[in-house]
Structure formats: C-alpha cells, structure tokens
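Participant: Provided herewith is a single structure, encoded as structure tokens, for subsequent inquiry.
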Amino acid sequence: MVVGVLVGMAFPNAAPGQPKPIFEAASLKILSTIFLRMIKLLIVPLIFSTLVVGIAGHGDDMKRVGKLALRSIIYFEVVTTLALAIGLAAVNIIRPGVGVNISNGSSTLGNDLAQTHVTISGVIEHIVPQSFFEAAATNEVLQIVFFSVLFGVALARTSKTQKLTMLAFCESLSEIMFKLTDLVMAFAPFGIGGAIAVTVGASGVGVLSHLGLLIVTLYIALVVFIVCVLIPVALLAKIPLGKFWRAVKQPWLIAFSTASSEAALPRAFEAMEEFGVPRRIVAFVLPTGYSFNLDGSTLYLAVASVFIAQAAGIDMSLKSQLLMMVTLMLTSKGVAAVPRASLVILSGALAQFGLPLEGVAVILGVDAVMDMARTSINLVGNCLATAVMDRWETVRGER
C-alpha cells in the first residue's frame, strides 16, 4: 500500500487534453485487474464445495439450515439498522453538506443509475437462479448459495453410495480451492499496490481535501459503529477480540486496499475456519452476509443521502429522513452484484425523495476513498457474524 501511494504520487495520470507521459500510475491497473480476476475464479467452486460438504457431510437437514438462516437474517437486520442510525446521527451532527455547492455536478450519472430500479420482489426473484451455470459465469454469489443449499439438502437425502461419491468429490474440490487461494494470495501485494497507485494517480492525494468533511464524517461514523456495535456484540458473544482481529486483519487489508468484497472473500473463508468456526457456518453466513449484512455500505448510504440534501439546501424533516432510511435499508438488500451498487441505491433513493441527482457526480470524486472504508467494514461485520452464529449454536448445544 505504501509503495502504491508513493508510485501514484510520483507518476500521476495525465490531465485530459495533455500528452501522456512515458509512464503513469494508470499503467499499473493491469496488476489489480489480474489479481481481482484470479480472485473471482475462486469464488464459485469455493462456495459450492464448502456449502455442499457443510450441509450433506454433517447430517444437516432443512430444519437446521433454516434455523441458521433465520438467526442470520435477524442478526443482519438488527446490525444494519444500527448502522443506519449511527450514520444518520453523524451526518446531522457534523452537517458536512452545509456550504457545499453541487450545482457544478452533472446529473447524467445520477439519472442513469436511478433508472436501475430495485424492488423487494425483484430482490427475492433475483435470489433464485434460472441457471446454475449462468449464475456461476456472472459470479452471482447469492444465487450460488441458494443452489448449493438445495443441492446439499438433496444430497443428504440420497442413498449412501451416491452421497459418498459426491461428498468425496466436493471435499477434494474444497481442499484444492483453499490451496489455490494460498497461491493467488501470493500475488496480493502486487495487486494491492497496483490498485492504490491507480487510485492516487487518478485522483491525487488532494482528493482527501476535496469534500474532506464528508470523508471525515463517514470515517468517524464507522469508528463509532465499531466501538458501539461490533465490539459490544463480540464481547456479548464472548469472542476474544485479539484473536479475532489477528484472524481478520489480512482479509480486512485486502478489502480496504482493493475496495472489493469479492477480493477478500476467499481469504476470509480460510481466516474464519482457522479462527474455529465450522466450515458449514462460514460457507453459509459469509456469502449471505455479502448481500444482507453490508454494514459499512448501509451506513455510507445514510451519510451520503442526507449530505446531498444539506448541500442542496433542502431541510429534510426527521420523519422524511427516517422514511428514507427505511427505503435504503430495504432496497440495499441483495444487490451486491450490481455494479456501483451503493451509488445505484443512493441514486434511486434521491430520485424517490426529490433530491438532486447532481450530488452523485459530486460524491463520485471522493467515492474511492469512502469505498475502501465501507467495504472493509462490510468484511469485518460479516466475519463477526459468522463467529456470532457459531457461538449461538454452541451455547444452545446445536453444534
């Protein structure tokens, strides 16, 4: 990361209309692209094999899977609601949008993103794949989870001969994918360095000063969320904080530096298993959390939406803000696979509540810096959720 920042500062990208230098930081994008592509090729076989082995290999039935799913969803909803509340409080106390001029921003991007309508029925329909291979080709994580759970339950009900044959295949595939993950992670420093260099080279370190108060507000809110929500949850569940942080710090760093949840997912799988969480819980909760437990992204949406209202000089009542938060909480579920998912949700909410879409273009200038923070908190929140679900089953004697 440090080398990437230095390279980005030393070789900034050429401004539009100016001749390109011999070397610029943008040239290193190939490193981050290769890293992310290698990561993505791990995800489908890893999730499929671990979930099938976890369900069919440990005698799980649909009732047990259903209990884990219900507890996970309840946990996700409680935590994301608290994230929304903290984000809403932070943006109303600090008021980073006051004095910001958004009239120079283009509304074209916001209009385009707002046309991507997200509905509850659409999210539910999206969970069910019409083709496993289509879902695999597009890395639709939630659809892969849905198919893998059904496949695992069906396998558990087959005769012993067929069951053992398929289990042996999936167990071998799972172990191979974890070894392959180790090989890919050896390239991680180069991919991370390239990603940081490209970001700094394109936006410059000066991006931190532009709309700086918005960035500070988000980071303060995320720290408050960690201190007031995640740490108390870990303490209540009697999860050792030091051991947990040592387990998640590498996938956290990958998520922070690449601003990609997918990039950190395979390493997070390994880390939580090493932490002691059973594979079947990790294989179900982590991928599901990537669609339903986006703590950092949810908090960001609360901050960004009210920031735009403040910048436009629109005084939203508390009732309107709460209604917008409910809308954001519902529409942000299950859209992790949508490109620029947070901006899509934000633009849709702005259009619905009559707020100027020009604000999206203004935020986009510093979105990379905020994306790193919210993505890494998404990762930590999901890792904690797997540990909490494991502790819940242990306490209830179901493990």
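No value in this document is a laboratory result; all are computed from the given coordinates. Note that this is a predicted model, so its numbers are computed, not measured. FYI the Cβ positions are ideal-geometry reconstructions off the backbone, even for glycines, and counts take in every protein chain you see.
Participant: Would you work out the Kirkwood radius for segment 241-294? I mean one over the mean of 1/r across all pairs of different Cα atoms, in Å.
Facilitator: Computed over segment 241-294, the radius equals 11.3 Å.
Participant: Take the alpha carbon gyration tensor of segment 33-395, find the square roots of its eigenvalues, order them as a ≥ b ≥ c, and report rounded if a/c is under 1.5; if not, report prolate when a/b exceeds b/c, else oblate. Don't skip to the answer; put the middle values down first.
Facilitator: Details: a/c = 1.80, a/b = 1.69, b/c = 1.06.
Because a/c hits 1.5 or more and a/b exceeds b/c, segment 33-395 counts as prolate.
Participant: How high is the FRET efficiency between Val326 and Thr394 when r is their beta carbon distance and R₀ equals 45 Å, given to the nearest 0.05? Write down the numbers at each step before the final one.
Facilitator: Working: r = 34 Å, r/R0 = 0.76.
Calculated value: 0.85.
Participant: For the pair Val3 and Ser121, how long in nm is the line joining their label points, each one 7 Å along Cα→Cβ?
Facilitator: Here the modelled spin labels are 5.4 nm apart.
Participant: With θ set to phi - 60° and the Karplus curve 6.51 cos²θ - 1.76 cosθ + 1.60, what are the ³J(HN,Hα) couplings of segment 158-168 in order, to the nearest whole Hz, using x for Gly and Pro?
Facilitator: Computed from phi, the couplings for segment 158-168 are 7, 5, 4, 4, 4, 5, 5, 4, 5, 5, 4 Hz.
Participant: What is the magnitude of the charge dipole of the chain about its Cα centre, with +1 placed on the Cβ of each Lys and Arg, -1 on the Cβ of each Asp and Glu, and no other charges, expressed in debye to the nearest 20?
Facilitator: Numbers: 27 positive and 23 negative charges, 163 e Å.
Computed about the Cα centre, the dipole is about 780 debye.
Participant: Report, ordered by chain and residue number, the lysines lying within cross-link reach of Lys67, taken as a straight Cα distance under 26 Å and ignoring same-chain residues fewer than 8 apart.
Facilitator: Lys160, Lys163, Lys238, Lys333
Participant: In deg cm²/dmol and to the nearest 500, what is the mean residue ellipticity at 222 nm of the chain if only DSSP H runs of at least 4 residues count, each as -39500 (n - 2.57), divided by the residue total? Show your work: numbers first, answer last.
Facilitator: On the way: 19 runs with 295 residues, N = 399.
One gets -24500 deg cm²/dmol as the mean residue ellipticity at 222 nm.
Participant: Okay, moving on. With the crude spin-label approximation of a point 7 Å out along Cα→Cβ, what separation in nm comes out for Ala186 versus Glu274?
Facilitator: With each label placed 7 Å out from Cα toward Cβ, I get 1.6 nm.
Participant: Right, another one. Apply 1/(1 + (r/R0)^6) to the Cβ-Cβ distance of Ile176 and Asp315, taking R0 = 56 Å, and write down the FRET efficiency to the nearest 0.05. List each step's numbers first, then the result.
Facilitator: Details: r = 58 Å, r/R0 = 1.04.
Using R0 = 56 Å, I get an efficiency of 0.45.
Participant: Now a separate question. Any chance you could give the angle, 0 to 90 degrees and rounded to 10, that helix 341-352 forms with the longest Cα principal axis of the chain?
Facilitator: 60 degrees
Participant: Would you kindly derive the ³J(HN,Hα) couplings of segment 78-84 from the backbone phi angles with the Karplus curve 6.51 cos²θ - 1.76 cosθ + 1.60 (θ = phi - 60°), listing them in order in whole Hz, with x for Gly and Pro?
Facilitator: Going residue by residue, I get 5, 5, 5, 5, 5, 4, 4 Hz, with x marking Gly and Pro.
Participant: Round to the nearest 10 and give me the degree value, 0 to 90, for the angle of helix 279-292's Cα axis relative to the longest principal axis of the chain.
Facilitator: 30 degrees
Participant: Now for a different question. Toward the positive end of the charge dipole of the chain, about the Cα centre and with charges on Cβ (Lys, Arg +1; Asp, Glu -1), which of Leu214, Val2, Leu230 goes farthest?
Facilitator: Towards the positive end, the residue furthest out is Leu230.
Participant: Mind listing the phi-derived Karplus ³J(HN,Hα) values for segment 41-48, rounded to whole Hz, using 6.51, -1.76 and 1.60 with θ = phi - 60°, and x for any glycine or proline?
Facilitator: Whole-Hz 3J(HN,Hα) from phi for segment 41-48: 6, 7, 5, 5, x, 5, 5, 4.
Participant: How far is helix 241-258 tilted off the main Cα axis of the chain, in degrees rounded to 10, range 0 to 90?
Facilitator: 60 degrees
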